[in-house]
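Heads up, the thing below is written out as structure tokens.
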Amino acid sequence: MIDNTLAYWGILKKDMRNYYLKPPNISWGIIFPVSWTLMFYLRSEQAVDIRAILPGVMALSILFGTTSMLSVTITFERKSRSFERLLLSPISLNLLMLAKTTGAIVFGIINAFIPVLFASFMIDLSGIHWGILSLAVLFIAITSTFLGLFIAVSVNEVFEAQTFSNFFRFPMMFLCGLFIPIGNLPAIIRPLSYILPLTYGSDLLRFSVNSEASIPVAANLLVLVLFSGLLFFLSTHNIKKRWIY
Amino acid sequence: MHIIEARNLVKNFGDFQAVKGIDFFVEQGEIFGFLGPNGAGKTTTINMLTGLARPSEGTITIAGLDGVRNIKKVQGIIGIVPDESNLYDDMGGFENLVFCASLYGMKKRKREQRAHELLAQFSLDDTGNRPFKAYSKGMKRKLTIAAGIIHEPRILFLDEPTTGIDVESARQIRQLIATLNEQGTTIFLTTHYIEDAERLCDRIGFIVGGSVVKVSTVQALLTEAQQEHVLQFWLEASGTHLQSELLDAFPMVSMSPESDHTISLRSKVPMDLMPFMHFFDARNIKVREARLVRPSLEEVFVKITGIELARLKKEKEGRK
């Protein structure tokens, strides 16, 4: 019997070293939240409220970090045929995909806490519900990573992965309530917000940082779990259909 | 004992049938060559045997296991070396091998020890820390083979192991394949280098248009080919227009023009050179060179597949 734990750690370690801990990605993890904060600062006519924008910057850092990295790395490995090596190994497809996504989940979590670290030098962070914040970050990272996985297994080329990612990311950015409260959106668009996982993640983050929420915490978590399960199922189904033809 | 057995194996891609109900087996401990022109269904068959494709119909049994239902168990006892080196460019040779070993659940000490052993066996021990992308083609090929056998598989699938590499590396790889086989590994080899197949394989299966058209031992194939006598002539002028005259004069031969100035004459009975020399002389056609050809496996391949090997080699090497 194959020791699956060793295979899992092997893949995770290889991905961390080959992709996530590369200097350009580390610097990207820092530059990205700084750019977002700066963007909010420039568009604001008065002093920017760091605490108010913190959930948004955290959510976008996770979303962009995970989807970009995973969709590109998997498409790249698929192009170079090294992904074939993994598919031909004696570990189950589910475990293989969990190993491939764990690195991106960790990368997303680290990306989320970089803005928190910056904010801690500028504002008082007391009153934050750290437990809920951690859960929110974890579940947003998992859902976004699985979204990246779904994108990766639906395309053939690296550039397609980027284009397809934006197809999901940009509507999510504007419709999930981060920039414009969902209540202020036109009634016809509002239902769309509720089929986007980031809506529930950002609601959780807003609750944990600013104690404002429109959906109960448990419901937000449950919806994120359901989104994660669905995206993972669709991704592995797609792999079986397209790559193990 | 049959270590691989394929029965009525079919693979459909929509309306197109890539593999048309093939049957064959591989004996434990043998080197089985699987030959055929491009698009014949070789890769699809290998993909079905190794778990990268699901058969539309038929059964696969590998080492007594159902090769479709128990594919993950099967993958634990087989090694696969694809036609392109697919290791990780930024990782060193040693690191690549250790990673591949981890996929088979090998413990740290064991995988490091095995990686060192293989680097030494493949004469790559001096370059173990060099990134894979800095390796030469021959070195990449050797490391890819080493990665395929890191877990000491019972069966090794080798797809075009010597294509596109230098002569010395190809020689070393052939030697390694023979050594592995001597140590008990069953080898399933695809190659378009008929010399490799002739030198290495015990038996050969030919696949053409999705069907296995012949499976036989190399010796039997050669004996069969050598039943035919072939005379080859290089002429100073074009000889293609002489076909009907030649066949009238020598009814026991068949003629195949190979180029404008080269013709091959085949017969089931031994042929004497002189009557043909007189024939050309009488028509004022100078013969530059004439020789009796001993039919090789290459002739068998051409006869069975209808594909000229030179064209096949060109296509394959152009792809690399």
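The values are calculated or read from the model by the stated rules, or taken from the named source; none is laboratory data. Model, not experiment: these values are computed from the prediction. Glycine also receives a Cβ, built like all others from the backbone with ideal geometry; neighbour counts cover every protein chain displayed. Note: areas computed on protein heavy atoms with side chains; ligands, DNA, RNA excluded. Shrake-Rupley method; radii C 1.70, N 1.55, O 1.52, S 1.80 Å.
Can you tell me which residue among A:I62, A:I11, A:I30 is among the β-branched types (V, I, T) and within 13 Å of another protein chain (Cβ to nearest Cβ)?
A:I11
Restricting attention to the stretch A:115-146, which residues are open to solvent by less than 20 Å² (accessible area, probe 1.4 Å), at pLDDT below 95 and either among the small types (G, A, S) or under 14 Å from the mean Cα position of the chain (by Cα) (or both)?
A:A119
Return the only residue of A:T5, A:T37 being of a type outside the set (D, E, K, R), on the phi < 0 side of the Ramachandran plot, away from every other protein chain (no Cβ under 13 Å) and open to solvent by 30 Å² or more (accessible area, probe 1.4 Å). Full working, then the answer.
Working: A:T5 fails: away from every other protein chain (no Cβ under 13 Å).
Only one candidate qualifies: A:T37.
Which one is nearest to A:F168 (Cα to Cα) among residues in the stretch A:186-209 that are open to solvent by 10 Å² or more (accessible area, probe 1.4 Å) and either touching a residue at least 60 places away in the same chain (Cβ under 8 Å) or within 15 Å of the chain's Cα centre (by Cα) (or both)?
A:L196
One residue is enough: does the stretch B:245-254 have a residue meeting the conditions at pLDDT below 85, open to solvent by 80 Å² or more (accessible area, probe 1.4 Å) and either farther than 30 Å from B:G205 by Cα or outside the structural domain of B:A197 (by TED's automatic domain parsing) (or both)?
So far as the stretch B:245-254 goes, no, none of its residues is at pLDDT below 85, open to solvent by 80 Å² or more (accessible area, probe 1.4 Å) and either farther than 30 Å from B:G205 by Cα or outside the structural domain of B:A197 (by TED's automatic domain parsing) (or both).
For the stretch B:115-149, enumerate the residues that are of a type in the set (D, E, K, R) and under 28 Å from the mean Cα position of the chain (by Cα).
Matches in the stretch B:115-149: B:E117, B:K133, B:K137, B:K140, B:R141, B:K142.
Kindly indicate the residue of the stretch B:75-93 that is aliphatic (A, V, I, L, M) and facing chain A (nearest Cβ under 8 Å) and also nearest to B:F157 (Cα to Cα) among those meeting that condition.
B:I80
How many residues does the stretch A:64-110 hold that are β-branched (V, I, T), crowded, with 19+ Cβ neighbours inside 10 Å and closer than 20 Å to B:Y88 by Cβ?
Qualifying residue count, the stretch A:64-110: 6.
For the stretch B:178-230: of the residues being within 28 Å of B:E152 (Cα to Cα), among the charged types (D, E, K, R) and open to solvent by 60 Å² or more (accessible area, probe 1.4 Å), which is modelled with the lowest pLDDT?
Among those residues, the one meeting the criterion is B:E195.
A:P216: open to solvent by 70 Å² or more (accessible area, probe 1.4 Å), out of contact with any Ser or Thr (no Cβ under 9 Å at 6 or more places or on another chain) and either hydrophobic (A, V, I, L, M, F, W, C) or away from chain B (no Cβ under 14 Å) (or both), yes or no?
yes
Against the conditions (1) more than 17 Å from the chain's Cα centre (by Cα); (2) part of a helix (DSSP H, G or I), where does B:T43 fall short? Just the number, please.
The single condition B:T43 does not satisfy is (1).
With the structure loaded, tell me whether A:S61 is outside any helix (DSSP H, G or I), at pLDDT 80 or above and open to solvent by less than 10 Å² (accessible area, probe 1.4 Å) or whether it fails that test.
So A:S61 fails the test.
Out of the stretch B:96-118, which residues are more than 9 Å from chain A (Cβ to nearest Cβ), open to solvent by 10 Å² or more (accessible area, probe 1.4 Å) and in contact with a helix residue (DSSP H, G or I) (Cβ under 9 Å, 6 or more places away or on another chain)? It would help to see each step written out before you state the result.
Residues of the stretch B:96-118 more than 9 Å from chain A (Cβ to nearest Cβ): B:96-97, B:109-110, B:112-118.
Then drop every residue that is not open to solvent by 10 Å² or more (accessible area, probe 1.4 Å), which leaves B:109-110, B:112-114, B:116-117.
Within the stretch B:96-118, B:K110, B:E112, B:R114, B:H116 qualify.
Can you run down the residue pairs with Cβ atoms below 7 Å, 6 or more apart or on separate chains, where the first is in the stretch A:75-86 and more than 7 Å from chain B (Cβ to nearest Cβ) and within 15 Å of A:F150 (Cα to Cα) and the partner is in a loop (DSSP other than H, G, I, E, B) and open to solvent by 10 Å² or more (accessible area, probe 1.4 Å)?
Final answer for the pair search is A:T75/A:V155; A:T75/A:E157.
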